[in-house]
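This report refers to the structure that appears directly beneath it.
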Amino acid sequence: MSEKSENLHDVDEWADRIRDASSGSDVKAVRKVVNDIYRAAQDELDKERAQAEYEREE
């Protein structure tokens with residue numbers, strides 16, 4: 001699976017989670033989804049930075 005198609009799958013998964021959280025009134029569930037999105041974005045940025053640093057050192 002290409003990285004682009006993998007990212008599209010992740011978007012669908014996030015959209016489903018947001019839809020599920022927003023259809024209820026559970027504030028904790030919404031906060032968890034937001035926190036998970038933030039952490040996933042940070043992890044992705046960390047990977048990109050590490051790859052860029054590795055490529056600079058080569």
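Nothing in this text is a laboratory measurement; each read-out follows from the coordinates by a stated rule. Computed from a prediction, not measured in an experiment: that's the story for all the values here. As a convention, Cβ positions derive from the backbone with ideal geometry for all residues, glycine included, and neighbour counts pool all protein chains shown.
3J(HN,Hα) along segment 41-58, derived from phi through the Karplus expression 6.51 cos²θ - 1.76 cosθ + 1.60 where θ = phi - 60°, amounts to 5, 4, 4, 5, 4, 4, 5, 5, 5, 4, 5, 5, 5, 4, 5, 5, 6, 6 Hz, with x in place of Gly and Pro.
Between Tyr38 and Asp12, what's the calculated FRET efficiency when r is the beta-carbon distance and R0 is 25 Å? Round to 0.05.
Numbers: r = 19 Å, r/R0 = 0.75.
Here the calculated transfer efficiency is 0.85.
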